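Data block below; observations after.
The values are calculated or read from the model by the stated rules, or taken from the named source; none is laboratory data. Just so it is clear, the structure is predicted and the values come from calculations on it, not from any experiment. Here the Cβ is made from the backbone with ideal geometry for all residues, glycine too, and neighbour counts use every protein chain on show.
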Amino acid sequence: MLTSLRTWLGIAHPEEPEFAPLRDTLDALDHLEPERARFLAAFAYLLGRAAHADRHISPAEVAVMEAAVRDEGHLSPDQAMVVVQLAKTSNLLFGGTADFLVAREFSALASYEQKLTLMRCLFAVSATDDRISIVEEGELHRIANELRIQREDLVALRLAHAKHLPGL
């Protein structure tokens, strides 16, 4: 009992390091360049914003988000999972209030090609259940406007996902 009390007070250290399954992943994310970390955080947040447009994020949408963050961010699957989970939580806590600010931050950090890549990923997340609802389409258009996506590029994205759009 005295040992556990000393450990709790921080004056005794256990013989073996404590098991923390995500410690390596969190350490790796912590070592990203700050600008790269902000880019990935904004990228994942905007994916979560699109996924949560209908007030529900399905496991299939989470899987698509993790794949997009992993591929575009060149992260390990565990790192992508952590980034997406943090983004989902941030979106649930601060969504609405932070939406425009995060889009503006991403827009400042990203090239136009990176913005188009994000938009392709947003459409893919929204079409996960083989349909894009009117609410999701509206959110996609808001994000495209905030990122200043050119109209012809947005039309091309819509045409690529036409079979999933409402009313088509």
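Name, by its number, the condition in (1) modelled with pLDDT of 60 or more; (2) of a type in the set (Phe, Trp, Tyr); (3) not in a helix (DSSP H, G or I) that does not hold for residue 19.
Only one criterion in (1) modelled with pLDDT of 60 or more; (2) of a type in the set (Phe, Trp, Tyr); (3) not in a helix (DSSP H, G or I) is unmet by residue 19, namely (1).
Suppose the filter is among the hydroxyl-bearing types (Ser, Thr, Tyr), more than 15 Å from the chain's Cα centre (by Cα) and surrounded by fewer than 14 Cβ atoms within 10 Å (Cβ to Cβ); does residue 111 pass it? It would help to see each step written out before you state the result.
Details: among the hydroxyl-bearing types (Ser, Thr, Tyr): yes; more than 15 Å from the chain's Cα centre (by Cα): yes; surrounded by fewer than 14 Cβ atoms within 10 Å (Cβ to Cβ): yes.
For residue 111, the condition - among the hydroxyl-bearing types (Ser, Thr, Tyr), more than 15 Å from the chain's Cα centre (by Cα) and surrounded by fewer than 14 Cβ atoms within 10 Å (Cβ to Cβ) - is met.
Only residues that are in contact (Cβ under 8 Å) with a residue 40 or more places away in the chain and surrounded by fewer than 22 Cβ atoms within 10 Å (Cβ to Cβ): list them for the stretch 124-138, please.
Going residue by residue through the stretch 124-138, those that are in contact (Cβ under 8 Å) with a residue 40 or more places away in the chain are 124-126, 128-129, 133, 135-136, 138.
Residues satisfying the conditions are 124, 128, 129, 133, 135, 138.
Do we have any residue at all in the stretch 96-103 that's surrounded by fewer than 21 Cβ atoms within 10 Å (Cβ to Cβ) and among the β-branched types (Val, Ile, Thr)? Give the derivation first.
So the first thing to find is which residues in the stretch 96-103 are surrounded by fewer than 21 Cβ atoms within 10 Å (Cβ to Cβ), and the list is 96-101.
Retained after the next criterion (residues that are among the β-branched types (Val, Ile, Thr)): 97.
Checked against the condition, which is being surrounded by fewer than 21 Cβ atoms within 10 Å (Cβ to Cβ) and among the β-branched types (Val, Ile, Thr), the stretch 96-103 yields at least one hit.
Just to be sure before I move on: is residue 133 more than 27 Å from residue 166 (Cα to Cα), among the polar types (S, T, N, Q) and either modelled with pLDDT of 90 or more or in contact with an Asp or Glu (Cβ under 9 Å, 6 or more places away or on another chain) (or both) in the structure I sent?
Working: more than 27 Å from residue 166 (Cα to Cα): no; among the polar types (S, T, N, Q): yes; either modelled with pLDDT of 90 or more or in contact with an Asp or Glu (Cβ under 9 Å, 6 or more places away or on another chain) (or both): yes.
Taking the combined requirement at face value, the residue does not satisfy it.
Pick out the one residue from 28, 37, 67 that is modelled with pLDDT of 85 or more, among the small types (Gly, Ala, Ser) and either under 16 Å from residue 117 (Cβ atoms) or more than 9 Å from the chain's Cα centre (by Cα) (or both).
Working: 28 fails: modelled with pLDDT of 85 or more; 37 fails: modelled with pLDDT of 85 or more.
Going through 28, 37, 67 in turn, just one is modelled with pLDDT of 85 or more, among the small types (Gly, Ala, Ser) and either under 16 Å from residue 117 (Cβ atoms) or more than 9 Å from the chain's Cα centre (by Cα) (or both): 67.
Restricting to the stretch 95-113, name every residue that is touching a residue at least 24 places away in the same chain (Cβ under 8 Å), within 20 Å of residue 36 (Cα to Cα) and not β-branched (Val, Ile, Thr).
Step one: list which residues in the stretch 95-113 are touching a residue at least 24 places away in the same chain (Cβ under 8 Å), which gives 95, 98-100, 102-107, 109-110.
Subsequent filtering for residues that are within 20 Å of residue 36 (Cα to Cα) retains 98-100, 102-107, 109-110.
Residues satisfying the conditions are 98, 99, 100, 103, 104, 105, 106, 107, 109, 110.
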